[in-house]
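Report on one structure; see the data block that follows.
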Amino acid sequence: MANDTGKFWGGLLLGSGIGVALGLILAPRSGKETRQLLKQSAVNLPANVQAAQKTAQKTIDEAVQQLQEAIAIGQEASRRLRYELTGDNRNGERT
């Protein structure tokens with residue numbers, strides 16, 4: 001088991017090293033440009049998070065509304081079926 005752990009960490013380090021090397025070789029921007037891009041991304045992060053939060057909240061609200069409608073439809077269908085099968089009305093009284 002210890003041997004497997006060593007292989008894992010060795011593979012992780014080797015893979016990380018290869019990834020870093022390829023990233024440096026194939027990078028489409030210079031280091032300065034990359035840092036400026038990262039800085040601008042950090043500046044825009046709060047606005048992006050807020051926009052994502054609003055979108056997520058809208059999606060959740062729509063899903064909740066659809067779920068409530070589906071529940072209401074299911075409850076009504078259940079009431080109708082109970083009435084058809086037993087003759088009980090909504091209050092549990094027989095008609």
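The values are calculated or read from the model by the stated rules, or taken from the named source; none is laboratory data. Since the model is a prediction, treat every value here as computed from it, not as a measurement. Note that each Cβ is placed from the backbone with ideal geometry, even for glycine, and that neighbours are counted across all protein chains shown. Surface areas here come from the heavy atoms of the whole protein model, side chains and all, with no ligands, DNA or RNA. Shrake-Rupley method; radii C 1.70, N 1.55, O 1.52, S 1.80 Å.
Taking every residue in segment 52-75 that is at positive phi and pairing it with any residue that is open to solvent by less than 100 Å² (accessible area, probe 1.4 Å), at least 6 positions away or on another chain, yields no pair with a Cβ-Cβ distance below 6 Å.
Evaluation of PRO46 against the conditions (1) open to solvent by 100 Å² or more (accessible area, probe 1.4 Å); (2) under 27 Å from the mean Cα position of the chain (by Cα); (3) of a type outside the set (Lys, Arg) shows that the sole unmet condition is (1). Quick one: would you say LYS54 is assigned to a helix (DSSP H, G or I) and modelled with pLDDT of 85 or more? So LYS54 passes the test.
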